[in-house]
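Before any comments, here is the structure.
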Amino acid sequence: MAETKSTGARKSAGTKTTVPASDGYHRSGNNEPLSLAEELADEAAHIGDETHDRYEQIKQGDIHIAELQRMTMPQLIEQARKENLAEITGIKKQDLIFKILKERVKLNGLMFGEGTLEILPDGFGFLRSPDYHYLSCPDDIYVSPSQIRRFGLRTGATVSGQIRPPKENERYFALLRVEAINYEDPNKLSEKVFFDDLTPLHPDKRVVLETTAEETAMRIVDLIVPIGFGQRGLIVSPPRAGKTILLQKMAKAVLTNFPDGYVIMLLIDERPEEVTDMERQVKGDNCEVISSTFDEPAARHIQVSEMVIEKAKRMVEYGYDVIIFLDSITRLARAWNSECPHSGKILSGGVDANALQRPKRFFGSARKVEEGGSLTIIATALIDTGSKMDEVIFEEFKGTGNLEIVLDRRLVDKRIWPAIDINRSGTRREEMLMDPEEYRRVCILRRVLNDMNSPDAMELLVTRLQKTKTNAEFLMSMKS
């Protein structure tokens, strides 16, 4: 609601600002002022060559909004003092960035900005920042409905372009000219196939998680539960069984082995300290850690998950390989259960009949597509929490994935890591991801481990892996 009101204020600001007629802010033949969308289009059309040259220099400089958003609060305060800004004591980070940008733009007049588009029900949109977990912030960039219609923009698109600062009584920066959509020419957008029209296939390109000899957890996942680009996987886990750490290790392995892939770590209803730890451990140029903490409302959990899945879909349309690690799909389903319109049909555990439709759509988006690109989703699901609702949610998602990693409480109690139940974990059509000889030897390994109970099987496998440097060496050392 606040954004709707501010837009109204911005429109009235466009109405009340007195500008010479020669500047193009009035319709020809009368003094009727332009609407905000018309004013933006008019400003973009009147940018001269000299202004364009100066703008190209700005793009290469340090005036980017994204650069400021990545700074810590002490760095921003130091930057504000260098620029002689007053009244910065006790100010919020987003408001401080807003003040710094307004001060800088006085010297240049134009700026370069980018963000992930969120289109609101009223037809206009804002470019949100992943550094703020797609929250509404003062330094968001307004995108007019005419620009959205002209380029066919949809929620989740990464838009870059020329922006101008807010005028008197306006609250947001405004996008003047779209220069790139998902870092490509905006005209190429019409050539892209919608995500829902892409052809889904079985995963056949493997995501190798093995990195170093010491990282036995990832070596075990590679052997027992191979993952492919486009996989839809569940990590089924009781509380405190190491599911978050397992996700973290998997994300770091993907970033190490596949620098061209794009990793999104999505934490829903999470503890704040876990978010900080994840941000410090999982980082890179092609990586985002997006979160909503447990002290935020359910509507916020839904909003951040929708932004992430829409962004991932837009990237797949452009041929990217996107990997989403979700912790957890159970908490996402709980949020939808409390926010969705009630159908009047309640399942056991208090779950509304319609509550799981959107979480299933989220999870079902994972696929490898024939036209190029893939969307991989590895999500955790909670069991043994004592909640009937969590049991119902897990049962609804059970069997929808094509990969399942089951964590066992017995292994945790004996402090055996990773706490994976080998006999209950596996991947559908795993032969498509493995070399025939590798697949044959893994089948032999599974037959041996199947006769043992879960703790003994994992302990034996970890011991044997520690004696070799690679999985290939381990498999070749097995007696056929």
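Any read-out appearing in this document is the output of simple, stated calculations on the displayed coordinates, not a laboratory observation. Note that this is a predicted model, so its numbers are computed, not measured. Note that each Cβ is placed from the backbone with ideal geometry, even for glycine, and that neighbours are counted across all protein chains shown.
Values as computed for the structure displayed
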| quantity | calculated |
| --- | --- |
| Greater than 29 Å apart at Cα, pairs in Lys283/Lys469; Lys188/Lys368; Lys205/Lys388; Lys243/Lys467; Lys192/Lys398 | Lys205/Lys388; Lys192/Lys398 |
| Sequence-distant lysines (8 or more away, or on other chains) whose Cα lies within less than 17 Å of Lys102 | Lys59, Lys82, Lys92, Lys93, Lys167 |
| Helix-only [θ]222 nm of the chain, DSSP H runs n ≥ 4, -39500 (n - 2.57) each, per residue, nearest 500 | -12500 deg cm²/dmol |
| Residue order, fewest to most surrounding Cβ atoms within 10 angstrom, among Lys345, Lys479 | Lys479, Lys345 |
| Antiparallel DSSP beta bridges within the chain, as percent of all bridges there, nearest 5 | 50 |
| Span-like helix ranges in the chain, DSSP H, alpha carbon extent 18 angstrom or more, Kyte mean at least -0.5 | 93-108, 243-257, 298-317 |
| 20 °C / 1.002 mPa s Stokes-Einstein diffusion coefficient of region 333-480, Kirkwood radius on C-alpha pairs, µm²/s | 117 |
| Compactness of region 59-191, expressed as Rg and Dmax over alpha-carbon positions, Å | 14.9, 50 |
| Share of alpha-carbon pairs per 10 Å distance bin for the chain, given as whole % | 4, 18, 26, 23, 16, 9, 4, 1, 0, 0 |
| Cα Rg over Rh - region 200-477, Kirkwood | 0.96 |
| Cα centroid of region 338-383 to Cα centroid of region 259-300, whole Å | 19 |
| For region 285-378, the fraction of alpha-carbon pairs in successive 10 Å shells from zero, as % | 15, 44, 29, 11, 1 |
